[in-house]
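The next block holds one structure in the form of C-alpha coordinates; read it before the comments.
The values are calculated or read from the model by the stated rules, or taken from the named source; none is laboratory data. What you are looking at is a predicted structure, and each value in this text was computed from that prediction instead of being measured. Here the Cβ positions follow ideal geometry from the backbone for every residue, glycine too, while neighbour counts run over all protein chains shown.
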Amino acid sequence: MIDQAELARIYGKIQVVTSFPDYKVKVVESFADLHVQLVTSFPDRPGRWQYVTSFPDFKIQWVESFPDFTVKFVTSFPGVRGAGRGDPGWALLRWMMRG
(Lines give C-alpha, C1' and ligand atoms only; values in the text may rest on other atoms or scores of the structure.)
Protein backbone atom coordinates (compact mmCIF):
# COMPACT_ATOMS: atom_id res chain seq x y z
CA MET A 1 0.00 0.00 0.00
CA ILE A 2 1.13 3.53 -0.66
CA ASP A 3 0.83 6.47 1.72
CA GLN A 4 -1.68 9.33 1.59
CA ALA A 5 0.86 11.84 0.32
CA GLU A 6 1.62 9.69 -2.71
CA LEU A 7 -2.10 9.01 -3.29
CA ALA A 8 -2.71 12.76 -3.33
CA ARG A 9 -0.35 13.06 -6.31
CA ILE A 10 -2.19 10.46 -8.43
CA TYR A 11 -4.41 12.55 -10.65
CA GLY A 12 -4.40 13.73 -14.22
CA LYS A 13 -4.32 11.75 -17.43
CA ILE A 14 -4.66 8.03 -16.70
CA GLN A 15 -4.09 5.17 -19.12
CA VAL A 16 -5.38 1.69 -18.30
CA VAL A 17 -2.86 -0.98 -19.32
CA THR A 18 -2.57 -4.76 -19.02
CA SER A 19 1.16 -4.81 -18.31
CA PHE A 20 3.91 -2.61 -16.90
CA PRO A 21 1.66 -0.26 -14.87
CA ASP A 22 2.84 2.45 -12.53
CA TYR A 23 0.20 1.23 -10.06
CA LYS A 24 -1.99 -1.84 -9.61
CA VAL A 25 -5.49 -0.74 -8.57
CA LYS A 26 -8.57 -2.53 -7.25
CA VAL A 27 -12.08 -1.07 -7.50
CA VAL A 28 -14.12 -1.39 -4.29
CA GLU A 29 -17.48 -0.12 -3.08
CA SER A 30 -16.44 0.81 0.45
CA PHE A 31 -13.33 1.72 2.44
CA ALA A 32 -11.41 2.89 -0.64
CA ASP A 33 -8.04 4.60 -0.31
CA LEU A 34 -8.92 7.08 -3.07
CA HIS A 35 -12.26 8.35 -4.31
CA VAL A 36 -12.01 8.91 -8.06
CA GLN A 37 -14.13 11.21 -10.21
CA LEU A 38 -13.82 10.68 -13.97
CA VAL A 39 -13.64 13.98 -15.85
CA THR A 40 -13.30 14.97 -19.50
CA SER A 41 -11.19 18.04 -18.79
CA PHE A 42 -9.18 19.65 -16.02
CA PRO A 43 -8.02 16.57 -14.08
CA ASP A 44 -6.14 18.94 -11.82
CA ARG A 45 -6.80 17.77 -8.26
CA PRO A 46 -6.37 14.56 -6.26
CA GLY A 47 -8.86 11.93 -7.35
CA ARG A 48 -9.76 13.55 -10.67
CA TRP A 49 -8.88 11.23 -13.53
CA GLN A 50 -9.18 11.66 -17.28
CA TYR A 51 -8.81 8.46 -19.30
CA VAL A 52 -6.40 8.73 -22.23
CA THR A 53 -4.89 6.30 -24.73
CA SER A 54 -1.54 8.07 -25.09
CA PHE A 55 0.77 10.39 -23.17
CA PRO A 56 -0.56 9.53 -19.69
CA ASP A 57 0.62 11.01 -16.42
CA PHE A 58 0.15 7.54 -14.87
CA LYS A 59 -0.52 4.02 -16.10
CA ILE A 60 -2.75 1.74 -14.02
CA GLN A 61 -3.73 -1.90 -14.21
CA TRP A 62 -6.99 -3.17 -12.74
CA VAL A 63 -6.39 -6.12 -10.40
CA GLU A 64 -8.41 -8.22 -7.97
CA SER A 65 -5.52 -9.18 -5.68
CA PHE A 66 -2.51 -7.39 -4.20
CA PRO A 67 -3.31 -3.82 -5.30
CA ASP A 68 -1.09 -0.85 -4.55
CA PHE A 69 -4.26 0.98 -3.56
CA THR A 70 -8.06 0.79 -3.87
CA VAL A 71 -10.47 3.21 -5.54
CA LYS A 72 -14.16 3.96 -5.46
CA PHE A 73 -15.73 5.86 -8.35
CA VAL A 74 -17.74 8.89 -7.22
CA THR A 75 -19.60 11.75 -8.89
CA SER A 76 -18.49 14.35 -6.35
CA PHE A 77 -15.91 14.91 -3.62
CA PRO A 78 -12.95 13.02 -5.12
CA GLY A 79 -9.71 12.67 -3.22
CA VAL A 80 -7.80 10.79 -0.57
CA ARG A 81 -9.96 9.19 2.11
CA GLY A 82 -9.00 9.76 5.71
CA ALA A 83 -7.47 13.12 4.90
CA GLY A 84 -9.89 15.07 7.05
CA ARG A 85 -9.00 17.86 9.41
CA GLY A 86 -8.57 15.46 12.32
CA ASP A 87 -6.11 13.34 10.38
CA PRO A 88 -2.39 13.90 11.13
CA GLY A 89 -1.61 14.01 7.41
CA TRP A 90 -4.08 16.85 6.74
CA ALA A 91 -1.57 19.67 7.16
CA LEU A 92 0.94 17.94 4.89
CA LEU A 93 -1.65 17.31 2.18
CA ARG A 94 -2.91 20.92 2.32
CA TRP A 95 0.67 22.17 2.11
CA MET A 96 1.40 19.92 -0.89
CA MET A 97 -1.76 20.98 -2.74
CA ARG A 98 -1.43 24.71 -2.19
CA GLY A 99 -1.14 26.64 -5.35
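Of all the criteria given as (1) out of contact with any Leu (no Cβ under 8 Å at 6 or more places or on another chain); (2) in a loop (DSSP other than H, G, I, E, B); (3) surrounded by 17 or more Cβ atoms within 10 Å (Cβ to Cβ), the one not satisfied by R9 is (3). Residue pairs whose Cβ atoms lie under 6 Å apart, separated by 6 or more positions or on different chains, with the first residue in segment 41-63 and closer than 17 Å to L7 by Cβ and the second of a type in the set (G, A, S) and assigned to a loop (DSSP other than H, G, I, E, B), are P46/A8. Residues in segment 28-37 that are over 14 Å from D68 (Cα atoms) and in contact with a Phe, Trp or Tyr (Cβ under 6 Å, 6 or more places away or on another chain): V36 only. Can you work out which of the residues in segment 6-27 that are basic (K, R) and over 14 Å from P67 (Cα atoms) is modelled with the highest pLDDT? Filtering first and then ranking leaves K13.
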